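The values are calculated or read from the model by the stated rules, or taken from the named source; none is laboratory data. Note that this is a predicted model, so its numbers are computed, not measured. Cβ sites come from the backbone with ideal geometry, for glycine too, and all protein chains shown count toward neighbours. Note: areas computed on protein heavy atoms with side chains; ligands, DNA, RNA excluded. Shrake-Rupley method; radii C 1.70, N 1.55, O 1.52, S 1.80 Å.
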Amino acid sequence: FKQTLKKQDYYQAAFVGVQPLFLGGKLWAAKTFAESEREAAKIELQKTENEVTSEVLVNCFNYMLVSQVVETRKNVLEGMKRHEKEAQKLFDEGLIANYHLLRAKVAVAEAERNLSDDLNNLELAMIALKSSMGVDDSTKIILTDSLFFNDNNLVLEEMQKLGEINQPILKIIEQKKVAANQKFNIERSSFLPQIAAFGKYEIYPQYLSALEPRWAVGIQLKFNIFNGFKDYTKLESAIHLENEVDMIYAGAKRQVNLWINKAYKDMDNFRTKYHKLEASYNLAKENLRMNEKRFESGLGISLEVIDARLSLEKVEIDRLVALNQYYKSLTELNLAVGNPVNVLKVLENLER
């Protein structure tokens, strides 16, 4: 007379497995999104490597510049000392006034001070180089290279095309475009049905009722008909995000193009300046030679010799600075293109 459908107290435990079959493209979009983020991280690492390489090269050029300036200062000091000895000799013979001898001594003192300043600058340049290389200050580094001019055959239009292909900044934004597109796909999946297979197996069959199976398998279909426009708002936001990334990419492309143009123009200007200073350099050398001969023969004055040597010193340093700026602009150009290591190809066959 009494039939028990299920006991009042019972245990229930089961193994349940769910395997998504179709989620509207959400899983594939999430996978592609993760891949784009990983690729963006790799490109970010390349961007950092390029910046470090460029910094090391610039510091190398700075050290070589100061090193050659020091050599120029030493040559000037040696010349000033020779002039002082010659002035002392002529003064002892009564051929020149004491003023000219004192002016020669002052010139020697100024040359010594300039040399001392640049020796300190040389130490600072080496510290900066070690810092950019990530080595300890106690590590000994000897650079045997010097700055000598070597021309290049770079074409602006070709560098701009290479910049569009190799510039890490543009590559990173391209990956962000992929991520934004996958964000749209994920939000769009909310408007599509979701299908999944499931399986269930009960651990305590003795507590099951006559209506409950011990195991079951099947397919589940889920479709959201209305969600208060929440999903639609998310989809609109994803569309605007895609448009925003597109505009960011277009703006970055213009900025990279401007970067390449500026670096190329700077490189060309300093190359021209270096060549134009050659005539001034030759004139300054000849002017010094003539004034030294005139002073030795008693026809010139000490001030003319000192001014001639200082003029030659200025032209020599101006040429070195122009050469340094030429290579730094070349490094900046290759950094803008996305491969600063290419500067080393220009340095391989220097005209000495």
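Pull up the stretch 121-136, narrow it to residues that are among the charged types (D, E, K, R) and over 20 Å from the mean Cα position of the chain (by Cα), then point me to the one that is surrounded by the fewest Cβ atoms within 10 Å (Cβ to Cβ). Write out each step before concluding.
Of the stretch 121-136, the ones among the charged types (D, E, K, R) are 123, 130, 136.
Now drop any that are not over 20 Å from the mean Cα position of the chain (by Cα), which leaves 123, 136.
On the way: 123: 11, 136: 7.
Looking at residues that are among the charged types (D, E, K, R) and over 20 Å from the mean Cα position of the chain (by Cα), I get 136.
From 242, 278, grab the single residue that is of a type outside the set (Ser, Thr, Tyr) and either surrounded by fewer than 12 Cβ atoms within 10 Å (Cβ to Cβ) or farther than 21 Å from residue 318 by Cβ (or both).
Values: 278 fails: either surrounded by fewer than 12 Cβ atoms within 10 Å (Cβ to Cβ) or farther than 21 Å from residue 318 by Cβ (or both).
Answer to the check: 242.
Can you pull out every residue in the stretch 79-93 that is free of Cβ contacts under 8 Å to residues at least 12 places away in the same chain and either under 13 Å from residue 292 (Cα atoms) or out of contact with any helix residue (DSSP H, G or I) (no Cβ under 8 Å at 6 or more places or on another chain) (or both)? Steps first, please.
Step one: of the stretch 79-93, the residues free of Cβ contacts under 8 Å to residues at least 12 places away in the same chain are 82, 85, 89, 91-93.
Matches in the stretch 79-93: 82, 85, 89, 92, 93.
Of the residues 123, 110, 164, which single one is touching a residue at least 60 places away in the same chain (Cβ under 8 Å) and part of a helix (DSSP H, G or I)?
That would be 164, the only listed residue that is touching a residue at least 60 places away in the same chain (Cβ under 8 Å) and part of a helix (DSSP H, G or I).
When the residues of the stretch 139-161 are filtered to those that are assigned to a loop (DSSP other than H, G, I, E, B) and touching a Lys or Arg at 6+ places or on another chain (Cβ under 9 Å), which remaining residue is farthest from residue 274 (Cα to Cα)? Step through it out loud before you land on a result.
Step one: filter the stretch 139-161 for residues assigned to a loop (DSSP other than H, G, I, E, B), giving 139-155.
From what is left, the residues that are touching a Lys or Arg at 6+ places or on another chain (Cβ under 9 Å) are 139, 141, 146, 148-149, 151-152.
Working: 139: 34, 141: 29, 146: 16, 148: 11, 149: 9, 151: 11, 152: 14 Å.
Only one residue fits best here, namely 139.
Give me the pairs, please: first residue somewhere in the stretch 94-105 and crowded, with 19+ Cβ neighbours inside 10 Å, second residue anywhere and acidic (Asp, Glu), beta-carbon distance under 6 Å, and either six or more positions apart or on two chains.
Cβ pairs passing all conditions: 104/84.
For the stretch 325-334, name all the residues that are closer than 16 Å to residue 277 by Cβ and open to solvent by 30 Å² or more (accessible area, probe 1.4 Å).
Correct list: 325 only.
Mind checking which residues of the stretch 49-86 are open to solvent by 60 Å² or more (accessible area, probe 1.4 Å) and polar (S, T, N, Q)? Spell out how you get there, then give the answer.
The first filter runs over the stretch 49-86 and keeps only residues open to solvent by 60 Å² or more (accessible area, probe 1.4 Å), leaving 49, 51-52, 55, 71, 74-75, 78, 81-82, 85.
If the condition is that a residue be open to solvent by 60 Å² or more (accessible area, probe 1.4 Å) and polar (S, T, N, Q), then 75 is the only one that fits.
Collect the residues in the stretch 132-155 that are farther than 20 Å from residue 334 by Cα and free of Cβ contacts under 8 Å to residues at least 40 places away in the same chain, keeping them in residue-number order. It would help to see each step written out before you state the result.
Here is the first cut: in the stretch 132-155, the ones farther than 20 Å from residue 334 by Cα are 134-146.
Passing the criteria: 134, 135, 136, 137, 138, 139, 140, 141, 142, 144.
If I ask for residues that are open to solvent by 60 Å² or more (accessible area, probe 1.4 Å) and more than 46 Å from the chain's Cα centre (by Cα), which ones from the stretch 281-297 would you list? Explain how you work it out, then say what you get.
Just the residues of the stretch 281-297 that are open to solvent by 60 Å² or more (accessible area, probe 1.4 Å), to begin with: 282-283, 285-287, 289-290, 293-294, 296-297.
Result: 290, 293, 294, 296, 297.
Here's the yes/no breakdown for (1) surrounded by fewer than 16 Cβ atoms within 10 Å (Cβ to Cβ); (2) part of a helix (DSSP H, G or I); (3) touching a Pro at 6+ places or on another chain (Cβ under 6 Å); (4) of a type outside the set (A, V, I, L, M, F, W, C):
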residue	(1), (2), (3), (4)
262	yes, yes, no, yes
300	no, no, no, yes
305	no, yes, no, no
313	no, yes, no, yes
323	no, yes, no, no
336	no, yes, no, no
341	yes, yes, no, no
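Pairs needed: first member in the stretch 7-33, closer than 10 Å to residue 182 by Cβ; second member anywhere, in a loop (DSSP other than H, G, I, E, B) and modelled with pLDDT of 80 or more; C-beta distance under 9 Å; at least 6 residues apart or different chains.
25/192; 26/192
Select from the stretch 106-115 the residues that are within 18 Å of residue 67 (Cα to Cα) and surrounded by 13 or more Cβ atoms within 10 Å (Cβ to Cβ) and list them in ascending order. Give the derivation first.
Filtering the stretch 106-115 for residues within 18 Å of residue 67 (Cα to Cα) gives 111-115.
If the condition is that a residue be within 18 Å of residue 67 (Cα to Cα) and surrounded by 13 or more Cβ atoms within 10 Å (Cβ to Cβ), then 111, 112, 114, 115 are the ones that fit.
Within the stretch 222-231, does at least one residue satisfy the condition of being part of a helix (DSSP H, G or I) and either among the hydrophobic types (A, V, I, L, M, F, W, C) or over 27 Å from residue 47 (Cβ atoms) (or both)?
Just the residues of the stretch 222-231 that are part of a helix (DSSP H, G or I), to begin with: 230-231.
Among the residues that remain, those that are also either among the hydrophobic types (A, V, I, L, M, F, W, C) or over 27 Å from residue 47 (Cβ atoms) (or both) are: 230-231.
Yes, the stretch 222-231 contains at least one residue that is part of a helix (DSSP H, G or I) and either among the hydrophobic types (A, V, I, L, M, F, W, C) or over 27 Å from residue 47 (Cβ atoms) (or both).
Considering only the stretch 1-48, state which residues are surrounded by 14 or more Cβ atoms within 10 Å (Cβ to Cβ), among the aliphatic types (A, V, I, L, M) and in a loop (DSSP other than H, G, I, E, B).
23
I'd like the full set of residues that are part of a helix (DSSP H, G or I), touching a residue at least 12 places away in the same chain (Cβ under 8 Å) and more than 50 Å from the chain's Cα centre (by Cα), limited to the stretch 180-221. Spell out how you get there, then give the answer.
Pass one, the stretch 180-221, residues part of a helix (DSSP H, G or I): 180-191, 205-207.
With touching a residue at least 12 places away in the same chain (Cβ under 8 Å) added as a condition, the list becomes 180-191, 207.
Within the stretch 180-221, just 207 meets the criteria.
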